[in-house]
Amino acid sequence: MSASSTSPEGIAFWIDDTAASVCSISGSTVSFIGVGTCTVDAYQWSDLNWNAALAQQSFGVALGMAVPGKPTGVTGVGFDSAAVVSWSAPADDGNSAITGYHVSNTSGGPGCDTSGLSCTVTGLTNHTSYQFTVTAINGVGWGEPSNVSAGVLPRIGASFVPLTPNRVLDTSAHVGLASPLTHHHAVTFGVTNQVPGDSSKNVPSTATAVTGVLTVWGSTALGYLALTPTPTDFPITSTLNFPSGDARSTGVTVPLSSSGTLSLTYVGTAGRTAEASLDITGFFLEGSSGATYFALTPNRILDSRTATGNMSGGLTAGAHRTFQVTGRSPSDSSLNVPSSAVAVTGVLTVTNQNKAGFLALGPDPLDAPITTSLFFPVGDNRATGLTVKLGAGGTLSVVYVAAAGAKTNVIFDVTGFFIPGSAGAMYVPVAPNRILDTRSKLGLPGSLRARVGVAFTVTGRVPGDSTKNIPGSAVAVTGILTVTNQTALGYLALTKTASNTPSTSTLNFPKGDNRATGVTVPLGPGGIQGIIYWATPNMVSGAIFDVSGYFVN
């Protein structure tokens with residue numbers, strides 16, 4: 001403020017009492033602290049020659065307008081030749097409503113414009129990493145661009161081709177590898193083009209991932225196997241845990257290396273060894289030439305203890321039994337496998353076996369199978385997650401291989417199915433990475449308490465790395481569930497939401513035995529996965545979950 005007078009006496013400024021909430025003054029500088037009318041008084045003192053005088057100046061104070069601030073939290077998810085970029089609105093809109101956003105490609109390529117908080121950038125090159133910035137726009141103009149996003153990798157989702165189960169690795173028979181596995185020594189074996197003359201069994205060189213069953217036996221010390229797309233002597237994830245000398249299996253869904261290989265590492269004790277085999281049940285191809293996935297609410301379609309699935313009396317060693325998979329819940333699409341399905345995902349469980357042996361689950365009715373699905377000793381309930389091709393008429397066949405006359409019961413819970421075409425979800429493999437470990441409070445704040453369902457977040461855990469991150473658009477994931485430090489026998493159940501009353505099981509175990517199973521499970525709202533430890537009340541257990549890929553519509 002300034003004022004002038006014909007009097008030489010000084011002039012003082014102050015804010016009129018009526019405007020104390022609108023403006024303030026220090027010396028001759030006025031600051032605005034609210035919206036309204038600011039009135040400033042200027043006082044001229046008197047002397048012998050001049051009378052005192054008072055003048056007022058009033059003016060309106062309104063919100064000023066400027067360009068908006070920087071958007072925050074810019075992330076992207078890659079799809080076929082495209083990326084969906086998302087962000088949060090800037091904290092400061094410049095006192096003018098934001099009218100739009102512009103997404104810029106830092107490489108100078110395509111961008112996009114929208115009035116929302118996400119948009120799709122098209123015309124990108126698959127398997128090329130892109131970074132993006134976002135600029136907010138209001139009535140004043142364009143604001144400052146956001147910070148640069150992490151790299152986003154456009155890529156084609158993959159569809160599934162089921163195969164007749166066949167063995168590509170058997171260290172004891174020198175298939176794939178010539179000798180047993182040794183401690184902290186990664187070995188690599190071929191998976192693609194192992195049966196080039198038989199399209200019902202062969203994995204082509206264009207495959208991006210495979211499903212199968214990994215089995216360990218003959219181990220001379222406890223430990224675990226890690227099945228990975230690239231060789232690593234010190235893996236950060238695990239696939240199959242085991243004690244010394246125990247034969248056990250788990251289903252797997254695992255990405256292949258660019259050369260169509262897999263690597264296997266035994267982590268145990270120096271100088272000790274283990275034998276292993278891998279039976280392939282299917283593969284994923286980029287594009288929709290195969291079958292796409294539909295997740296189901298896990299539900300039980302076979303339980304020989306209760307004659308569910310028309311299988312009463314259980315299994316007798318050496319005699320296969322066939323059960324219907326499709327059309328079991330025709331009035332409920334959240335549970336039913338339709339007749340057009342070519343393969344299913346689910347959990348196979350053995351119980352009440354009176355002899356050690358293994359189960360083989362597959363499309364063909366075989367009494368003497370050449371592949372395996374689930375190994376077990378006497379008196380140990382065991383389970384494994386599987387992806388398996390359906391047989392004629394939408395059926396599966398299961399056989400118990402053991403000593404003559406042995407008997408067992410069997411359970412199968414279905415979690416999803418594959419149908420030819422592009423109507424369902426496509427698969428995107430990721431580098432195996434750990435998103436849950438209750439021992440280190442990763443994903444959950446501590447151990448699971450018996451009969452108390454909890455949920456952990458699966459999506460958005462590694463937002464800066466699209467080779468590992470599960471995006472918010474995922475509808476299901478594949479991975480390995482491991483139990484550890486359990487204080488009583490029981491089972492873990494993965495559910496779409498936290499539940500205290502699971503109707504199916506995922507991983508059975510006794511006390512004190514680290515064990516693992518491969519899974520394909522649907523995600524709940526917000527990209528979560530529920531988990532419960534079912535055991536005697538007041539018991540506790542640890543749990544680990546490593547993801548290997550996701551399905552997206």
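When we screen 241, 299 for residues that are in the same structural domain as residue 335 (by TED's automatic domain parsing), more than 28 Å from residue 204 (Cα to Cα) and of a type outside the set (Ser, Thr, Tyr), the only hit is 299.
Filtered by the rule that a residue be under 21 Å from the mean Cα position of the chain (by Cα) and surrounded by fewer than 18 Cβ atoms within 10 Å (Cβ to Cβ), the range 404-421 gives no residues. Within the range 148-182, being buried (at least 16 other Cβ atoms within 10 Å of the Cβ) and farther than 26 Å from residue 371 by Cα holds for 149, 150, 151, 152, 153, 154, 155, 156, 157. In summary, strands (runs of 3 or more DSSP E) completely within the range 55-127 and bearing 2 or more residues that are surrounded by 13 or more Cβ atoms within 10 Å (Cβ to Cβ) and without any contact (Cβ under 8 Å) to a residue 60 or more places away in the chain occur at 82-88, 98-105, 112-114, 118-122.
Any residue in the range 163-174 that is part of a strand (DSSP E or B), among the hydrophobic types (A, V, I, L, M, F, W, C) and over 30 Å from residue 220 (Cα atoms)? Looking through the range 163-174, at least one residue is part of a strand (DSSP E or B), among the hydrophobic types (A, V, I, L, M, F, W, C) and over 30 Å from residue 220 (Cα atoms). For the range 473-517, the tally of residues that are of a type in the set (D, E, K, R) and more than 14 Å from residue 542 (Cα to Cα) stands at 1. Pairs linking a residue in the range 337-356 that is touching a residue at least 12 places away in the same chain (Cβ under 8 Å) and more than 12 Å from residue 295 (Cα to Cα) to a residue that is among the basic types (Lys, Arg) and not in a strand (DSSP E or B), with Cβ atoms under 9 Å and 6 or more positions apart or on different chains, are 351/305; 352/305.
Go through the range 203-229 and count every residue that is part of a loop (DSSP other than H, G, I, E, B) and touching a strand residue (DSSP E or B) at 6+ places or on another chain (Cβ under 7 Å).
The total comes to 7.
Evaluated against (1) at pLDDT 95 or above; (2) surrounded by fewer than 18 Cβ atoms within 10 Å (Cβ to Cβ), residue 258 falls short on exactly one condition, (1). Would you mind finding the one in 200, 159 that is among the small types (Gly, Ala, Ser) and not in a loop (DSSP other than H, G, I, E, B)? Unique residue meeting the criteria: 159. Tell me which residues, restricted to the range 489-511, are crowded, with 18+ Cβ neighbours inside 10 Å, in a loop (DSSP other than H, G, I, E, B) and of a type outside the set (Val, Ile, Thr). Correct list: 496, 502, 505.
The values are calculated or read from the model by the stated rules, or taken from the named source; none is laboratory data. These numbers were taken from a predicted model, which means no experiment stands behind them. In this analysis, Cβ positions are derived from the backbone assuming ideal geometry, glycine residues included, and neighbour counts consider all displayed protein chains.
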